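Step one of this worksheet: look at the structure below.
Since every read-out is calculated from the coordinates, none of them should be taken as a lab result. The structure displayed is predicted, hence computed values, not measured ones. Note that each Cβ is placed from the backbone with ideal geometry, even for glycine, and that neighbours are counted across all protein chains shown.
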Amino acid sequence: MSRLSLFCLWAVLAAATAVASAETPRLVRKVLPGTSIVVLVAEGDFEPRSVGSYSVRAYAGTNPQFPYDNFIAGAVQPRYGSVDDILFADVDRDGSPEIVVVIRSAGTGGYLSADAFRLQGSSLYLVESVSGLAKDADPIAALQAKFAGGAEAPTAPDVGSRR
């Protein structure tokens, strides 16, 4: 192989690596406000970015050097898109924030869905979900409206959601 061919091969590999590293992460980590609890949301291993599952795990986080040593609770949910963010909001207005996982659909629409989880003691369970939200919708407002039984936030056109 000539030097030019090797250089071209190297350039292609370098560009592919740069693009792959610019993707959104398959794992999102945040600390529950006002606590040491570490919340970790991860897309399923070996699954495509557009569909699969995700796990929500909560750790005590009491030792900063080993934040994942004390597992509290976890859950696994299906997903139709990729994990976009973790938010914390008092969706049910009981005075305690829920863990809200925001999923963005694959494709040009970028529609949102969100699942709200309650961490209570050593249990983590799903309390409410919304899907088919416009890409710029407020998932917290949509969850609060749905939880309260009120009108939902404006949604995206029906795109054949499987949820």
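Which whole number of Å³ per residue matches the convex hull of the alpha-carbon atoms in the stretch 98-153?
Numbers: hull volume 3.6 nm³, N = 56.
Considering the Cα atoms of the stretch 98-153, their hull volume per residue is 65 Å³.
Each label point is 7 Å from the Cα along the Cα-to-Cβ direction; what then is the distance between the points at Ala134 and Glu47, in nm?
Distance between label points: 2.9 nm.
Just grab the label-to-label distance for Tyr125 and Thr108, each label 7 Å out from Cα along the Cβ direction, in nm (one decimal).
Spacing of the two 7 Å Cα→Cβ label points: 4.3 nm.
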